[in-house]
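One structure is given below, encoded as structure tokens.
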Amino acid sequence: MQYGHFDDEAREYVITRPDTPRSWSNYLGSRLYGGIITQGAGGYSFYKSGGTGRVLRFRFNGVPQDEPGRFLYLRDDADGDFWSASWQPVGKPLRGRDGDDVTADGRPTQASAVRHGLGYSIFESEYRGIRSEATFFVPKDQAFEYWSIKVTNNGPTARQVSLFSYAELANEWNYRQDLENLQYSQYVVVAKYADGMISRKNSTRTAFSELWFGQAGADVESFDTDRDVFLGSYRTQSAPFAVERGRCSGSETVGDNSCASLHSVLNLAPGETRQVIFMLGMGSPDAPWDDRDGIIHRPGREIIAEFGTPSRVDAELAAIREEWRDFLAPLQVATPDGEMNSMINVWHAYQTHMTFNWSRGVSLIEAGDRDGLGYRDTVQDMLAVTHAIPEAVRERLSLILTGQTAEGGAMPLVKPLTHNPGHEETPSLEKYRSDDPLWLPITVANFVYETGDVSYLDVELPYADHGSATVFEHLRQAIQFSLDHRGNNGLVQGLQADWNDCIQFGTTGESMFSTFLMANGARVVAELAEQTGRDEDAAWARAVLEELQPVLEGAWDGGWYIRGISATGAKLGSDALDEGKIYLEPNVWAAISQTVPEERAIGAMDSVQRRLATEHGVALCAPAHTKEVPGVGLSLLVFPVGHKENGGIFCHANSWTIVAEGILGRGDRAYDYYRSYLPARYNDSAEIHQVEPYVYCQFTHGPESPRFGQARNPWLTGTASWSYVGVTQYILGIRPELDGLRIDPCLPEGWDGFQVERVFRGMSLTINVVNPLGVATGVQSVMIGKHEVDLAGDSRRGALVPVEALSDGAVLTVTMG
Ligand code: GLC
């Protein structure tokens, strides 16, 4: 089944059948004012935070899904028939592929398509001769959203069409208070109408908020600000009372629930188009509004006067599109794989920005509870956007480094709006996650290599609880923390969790994943130290690695590495067990860390291939667990077998298989793993995958699940960042190093080359890779214009093109062989 297609030229995904198996959503706006919008125009908006800045209400997990949202109703005033500009919520019979205007039983059909673009969504509809196009977006740097609709009479006779807006406004900033603490939140809201505009105020315990809603392009005929009056009792959004009747009631809200409905009447001659621009924003219609966090918003009426014209809407939309083009331009590819191109050039890159912006805070699944920056997630999210937005990454990196404690551990969650470095409480050992700070070396090194800014390593930053140190010392301290907290077998203690939130080894049990992550960190710190003249640090890190060798070897189970070991000696991820015999994480990281003999890494990855790989991706463990493992906390037992961390295909960890195989030089394997969970690959079999074919999701049901292949939890996942690193740095093989750009492709059989446009340290480069012999790895020569780059003295695989050899506009020809 196919529900839509990629339009790479427009950088859009076009949904041609909005009755998708699950909600297919998109993001609007910026970190100032953002929103979610689904293919049914469901979704919500928020100011600065999805958890504590809720503007539009959303009933998560609702029936039907995607409600409420940003709904525009159209009504033929001649006979009262009504529909919505998006297919939902009215849900008229959909026009099928054969284009019939009426169903078999004579009911008119609606043609409906949705163009999800970068920062905007456009809903096209045609119903009984009335065409509409509704465009939703948040203009650049603004705290208001546009809902702009054009309505055209395509028929031969004059028509009178009523147009109604409808949005349900949150009563409380805090989404939980809004949805749950009704004895209070239902009685804090007041909404009024005056001179064409709705204003909504609430005075809550934590903040005072005001919203305005207005329109341009048509006179207001009637209005409602009371949700229940607009809908009518025991009705739903599919048939609001006001729309059915053709007129709002003029309700003003005092307590209960508010909404924003403005009604206008459009008289359309044949062929005529009218455009009505609805706008919803922070603040009040007639006075400036101070958000008490440093921003004063202009009166809504002023904003409507300035922004409420068709030409301004067009200009603002063009500005959004340009902004996104600028974000994506630093890395564009042309490979023999069209789906890879669509993903890397547009959607995958867009998703990495969204995870960077919203962490795990706002989606249809992440309701707002996880407000704040989860430590490990945030550190990993930066990896994929550093080349595009280095300043923003530097700021975020500096913030998250101040979430590290003086002893080297990290606060599990950093709340940017309230974070107070130097004064945060030190978590108890039991509360630490063993992996959290160990991601720092990778991300800091990536930042320094991308920007060339070695001075960043000397920047002094406070620890979360007390004291301060340079960035480099923060990294060393991260390794030291793990060294200080090891168990009987010399492995790193697992603590509250390692990367896998569902495995608790505690303060006595040991995690092989975190041990490899530490080993990798020590390697990265050693390399950074060697390159920046920190000889003593380099010697220290090398000694750590040396000392670890017998520990790593001791964790070899015969065919792969164990997952961990309890204080009582119970192993996880061992062939001797009936369940959880093999786990993905330690084995990929054995290869990625490059700290074990190559035959071990190959052995481990071959076992992964044999035991965990499936047609939809690699399972996280096998067989899935049904029983306790004495001495190990397995909270993954809450999940059915084959689901999430319990033997599901956890896509974040899948991305590491690409990196691991890329490092091992096995191009076919790396590429097969990449393709196995590539969302775009499911474009024509959406009934299997079910979620959006344009974004990665957190997991796919694993081989032991009866729903094998169905994917869940799209958008906000570490999969976005690491898959991007995997495909761009380890398949296409373009990786920044301190001295230049390494070009080290690891390609599948049959690829004769590819092209990359890449910005590196302010220089726009064109990299043409040609592969006349069809090899997987190896670079024979690099030409820049007519000059051959001297590759002698570079002992690593691929070619390091020194930064001095590069210049803005340079064209590189890289010949593999
Ligand atoms: C979720 C969490 C992430 C964790 C992963 C595996 O994606 O956000 O922090 O590493 O699950 O448990």
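We did not get these values from a lab; they are worked out from the coordinates using the rules stated. Everything numeric here is computed off the predicted structure, so don't read it as measured data. When we count neighbours, we look across all protein chains shown, and the Cβ atoms used for this are built from the backbone with ideal geometry, even at glycine.
About its Cα centre, the dipole of the chain is roughly 1360 debye, where the only charges are +1 on Lys and Arg Cβ and -1 on Asp and Glu Cβ. What the Cβ-Cβ distance of residue 795 and residue 484 gives, at R0 = 35 Å and to the nearest 0.05, is a FRET efficiency of 0.50.
Estimated at 0.36 nm per residue, the fully extended path between residue 325 and residue 688 surpasses their Cα-Cα distance by 127.5 nm.
Amide H to amide H, with H built 1.01 Å from N, residue 504 comes under 5 Å of 633, 634, 635, counting only residues 5 or more places away or on other chains. The aspartates and glutamates within cross-link reach of residue 581, meaning a Cα-to-Cα straight distance under 13 Å and a gap of 8 or more places when in the same chain, are 557. In the calculated pair-distance distribution of the chain, the portion above 45 angstrom amounts to 29 percent of the Cα-Cα pairs.
When restricted to Cα atoms, the stretch 675-794 yields an Rg and a Dmax of 18.3, 58 Å, respectively. Label positions at residue 781 and residue 244, each projected 7 Å from the Cα along the C-beta direction, are separated by 7.8 nm. Normalised by the number of residues in the chain, the mean separation of alpha-carbon contacts (under 8 Å, six or more apart) gives a relative contact order of 9 percent. Going by neighbour counts of Cβ atoms within 10 Å, the residues 606, 436 line up, fewest first, as 606, 436. Its relative contact order, with pairs defined as Cα atoms under 8 Å and 6+ residues apart, puts the stretch 629-734 at 31 percent.
Using the Karplus relation 6.51 cos²θ - 1.76 cosθ + 1.60 with θ = phi - 60°, the per-residue 3J(HN,Hα) values for the stretch 601-609 come to 4, 5, x, 4, 6, 5, 5, 4, 4 Hz, with x marking Gly and Pro. Give me D for the stretch 142-208 in µm² s⁻¹, whole number, from Stokes-Einstein with Rh from the Kirkwood sum over alpha-carbon pairs, 37 °C and 0.692 mPa s. Diffusion coefficient, whole number: 214 µm²/s. Against the chain, whose longest principal axis is taken from its Cα atoms, helix 390-401 shows a tilt of about 70°. How far is helix 667-676 tilted off the main Cα axis of the chain, in degrees rounded to 10, range 0 to 90? Here the helix axis deviates by roughly 30 degrees.
Taking the number of Cβ atoms within 10 Å of each Cβ as an exposure proxy, the fewest-first ranking of 60, 760 is 60, 760. Positive-end ranking of 138, 153, 121 along the dipole of the stretch 116-162, with charges on Cβ about the Cα centre, is headed by 153.
For the listed peptides 186-192, 420-426, a ranking on the average number of other beta carbons within 10 Å per residue, highest first, reads 186-192, 420-426.
Extension gain, residue 763 to residue 553, is 71.2 nm, computed as 0.36 nm per intervening residue step minus the present C-alpha separation. A full extension of the chain between residue 131 and residue 5 corresponds to an added length of 43.2 nm, given 0.36 nm per residue minus the alpha carbon distance.
Tell me the angle of helix 535-554 to the major Cα principal axis of the chain, expressed in degrees between 0 and 90 and rounded to the nearest ten. The helix 535-554 is inclined about 90 degrees to the chain. Evaluating 6.51 cos²θ - 1.76 cosθ + 1.60 at θ = phi - 60° for every residue in the stretch 108-124, the Karplus couplings come out as x, 10, 10, 8, 9, 9, 10, 9, 7, x, 7, x, 8, 9, 10, 10, 9 Hz, glycine and proline recorded as x. Residue order for 279, 343, fewest other beta carbons within 10 angstrom first, comes to 279, 343.
Evaluated over the Cα positions of the stretch 118-233, the convex hull gives a direction-averaged projected area, one quarter of its surface, of 10.0 nm².
Here each label is just a point 7 Å from Cα along the line to Cβ, and for residue 425 and residue 628 those points are 2.9 nm apart. Taking every C-alpha pair closer than 8 Å and separated by at least 6 residues, the mean separation divided by the residue count of the stretch 155-283 gives a relative contact order of 37 percent. Spin-label model, residue 539/residue 501: points 7 Å from Cα along the beta carbon direction are separated by 4.4 nm. In summary, no aspartates and glutamates lie within cross-link reach of residue 786, defined as a Cα separation below 12 angstrom excluding same-chain residues under 8 places away.
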